[in-house]
Amino acid sequence: MLQDTNFWVLVAFVIFFGILFYLKVPGQLTKSLDERAEKIKRELDEAEKLHREAQHLFAEYQRKQRNALQEAAEIVAAAEAEAKVLAQAAAADLKASLERRRQQAEAKIAQAEQAAMREVRDTAIDLAVAAAADLLKQNLQGAAAKTQTERAIAEIRAKLH
């Protein structure tokens, strides 16, 4: 048996494992493996926590984006409505302005017509007075005629104006 190599391999194997147990290598190895497993578990838990936070932040950003898009649509709708109101007000102001200008033009035309009528009447009066004066001068002669003519012309002017 002492000559058998298998026996010595077995003895060496038992001694080797005895030394390992004496030095508590399997305990340290188990402890090291347990620590490594615990570290991996913590890292996985942390990764899971970060993943949940990322999903939460992503959902919140999507909600904020939807709210911003909705708010932008509301702003555009309000601006369109305001532009429509302003366009209607501008159209009403333009219509009122055109009506005022038309009325002013009509008033100016009426004034011009009245002025023209006065001018024509005044010219006709002056011509009639001149013609009457010429007739009276031709028909009447002398100083009495001259005073009578001037008096008649003054009366005609007073009546026609």
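Quick notes
Matching residues to (1) of a type in the set (Gly, Ala, Ser); (2) out of contact with any helix residue (DSSP H, G or I) (no Cβ under 9 Å at 6 or more places or on another chain); (3) in a helix (DSSP H, G or I); (4) at pLDDT 90 or above:
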site: LEU2; (1), (2), (3), (4): no, no, no, no
site: LYS49; (1), (2), (3), (4): no, yes, yes, yes
site: ALA81; (1), (2), (3), (4): yes, yes, yes, yes
site: ALA96; (1), (2), (3), (4): yes, yes, yes, yes
site: ARG101; (1), (2), (3), (4): no, yes, yes, yes
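- Count of segment 73-122 residues which are under 30 Å from ILE156 (Cα atoms) and either hydrophobic (A, V, I, L, M, F, W, C) or loosely packed, with under 10 Cβ neighbours inside 10 Å (or both): 6
- ASN6 exposed (fewer than 10 other Cβ atoms within 10 Å of the Cβ) and either part of a helix (DSSP H, G or I) or touching a Gly at 6+ places or on another chain (Cβ under 7 Å) (or both): yes
The values are calculated or read from the model by the stated rules, or taken from the named source; none is laboratory data. These figures come from a predicted structure and were not determined experimentally. Counting neighbours? That spans all protein chains shown, and the Cβs are built from the backbone with ideal geometry, glycine included.
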